[in-house]
1. With the requirement that a residue be within 27 Å of residue 60 (Cβ to Cβ) and surrounded by fewer than 22 Cβ atoms within 10 Å (Cβ to Cβ), what does the range 258-290 give you?
2. Please go through the range 187-205 and pick out each residue that is assigned to a loop (DSSP other than H, G, I, E, B) and surrounded by fewer than 16 Cβ atoms within 10 Å (Cβ to Cβ).
3. Residue 260: in the same structural domain as residue 164 (by TED's automatic domain parsing), in a strand (DSSP E or B) and over 19 Å from residue 22 (Cα atoms), yes or no?
4. When you look at residue 328, is it surrounded by 24 or more Cβ atoms within 10 Å (Cβ to Cβ) and in a loop (DSSP other than H, G, I, E, B), yes or no?
5. Which members of the range 263-291 meet the condition of being within 22 Å of residue 107 (Cβ to Cβ), outside any helix (DSSP H, G or I) and in contact with a helix residue (DSSP H, G or I) (Cβ under 6 Å, 6 or more places away or on another chain)?
6. Given the structure, is residue 175 modelled with pLDDT of 95 or more, under 30 Å from residue 87 (Cα atoms) and in contact with a helix residue (DSSP H, G or I) (Cβ under 9 Å, 6 or more places away or on another chain)?
7. Considering only residues that are farther than 17 Å from residue 263 by Cβ and buried (at least 18 other Cβ atoms within 10 Å of the Cβ), which ones fall in the range 209-220?
8. Residues of the range 123-145 being without any contact (Cβ under 8 Å) to a residue 60 or more places away in the chain and touching a helix residue (DSSP H, G or I) at 6+ places or on another chain (Cβ under 8 Å), which ones?
């Protein structure tokens, strides 16, 4: 693998509708893309950091800065910048997994394009399509929520996830269950909005027979989650707490969760995401693929990851039109509740030049071996 240039490109895409969680509302996405170019191929990576450090400590301006000032110089020092060397080469830079994941993704995309191998085949995919779930944000009213869920089910989504927070939990879940029946695969996501003192209140969700409750407590509170798990019938799934395969192993050993959400950006890349998958599979714990409002680039990688054997629950791998009126790649389209795993080399998709130009807000090119 030879690299001649790295481009850091910022794009802005408006969401179809604002997306509200317990930590805020997004109306558009400021996204950092990484492009690596060599004599034989180019590769694309997508950084999933949000504009503000509310989901995690990372944010998009910080990700661009750490890539430019600290991560790229370390990669420039490698004689062989293969994706498998990214993790070890960047290990002395503490944190910043989303920035590291974007670089690894771009290099892996380029490598696989040269090798003529798909992202899915490299990771170990066993399916040609994956079941798609949809994440539904906090809304202004229960009737508005019910209309939104109805529309998504009409489109064919196989699982519904409701974002919850104190004051928006039991009532909307009950309304959705009563409206759409016991056959609906339903789960909720708290994004760390509760404390262990809310255990009795959260137990009021048990009668609704949900697949899971995702990350109810703070990301560093494994002990609290283990205690809460003994008080709830609804299985606990961890998201923000799972930052690596080692963190996943510790969470499972402590009984803090029965399901794991895997997000490649959160754990530092798709190679570590595969290791998280393997740790959970060895323990008989199911996993599913989370989403961070990715463009078609990140969605392509996520769909390939979700095709691994232990991804036994539908993920947040929604179609492109769930979020974007115009994606920057060929759109992912829902077909009988599933998304197809790309079959082309590398990610199997690439940005459309016109869509990319229209959405770009800034671009910076660095020759391999130089610093910004």
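1. 271, 274, 275
2. First pass over the range 187-205, keeping only residues assigned to a loop (DSSP other than H, G, I, E, B): 190-195.
Result: 195, single match.
3. Working: in the same structural domain as residue 164 (by TED's automatic domain parsing): yes; in a strand (DSSP E or B): yes; over 19 Å from residue 22 (Cα atoms): yes.
Answer is yes for this residue.
4. Values: surrounded by 24 or more Cβ atoms within 10 Å (Cβ to Cβ): yes; in a loop (DSSP other than H, G, I, E, B): yes.
In short, yes.
5. Selection gives 268, 269, 289.
6. No, not satisfied.
7. 210, 211, 213, 216, 217
8. To start, the set of residues in the range 123-145 that are without any contact (Cβ under 8 Å) to a residue 60 or more places away in the chain comprises 136, 140-145.
136, 142, 145 - these are the residues of the range 123-145 that are without any contact (Cβ under 8 Å) to a residue 60 or more places away in the chain and touching a helix residue (DSSP H, G or I) at 6+ places or on another chain (Cβ under 8 Å).
The values are calculated or read from the model by the stated rules, or taken from the named source; none is laboratory data. Because the structure is a prediction, the values reported are computed rather than measured. Methodologically, a virtual Cβ is constructed for each residue, glycine included, from the backbone with ideal geometry; neighbour enumeration extends over all protein chains shown.
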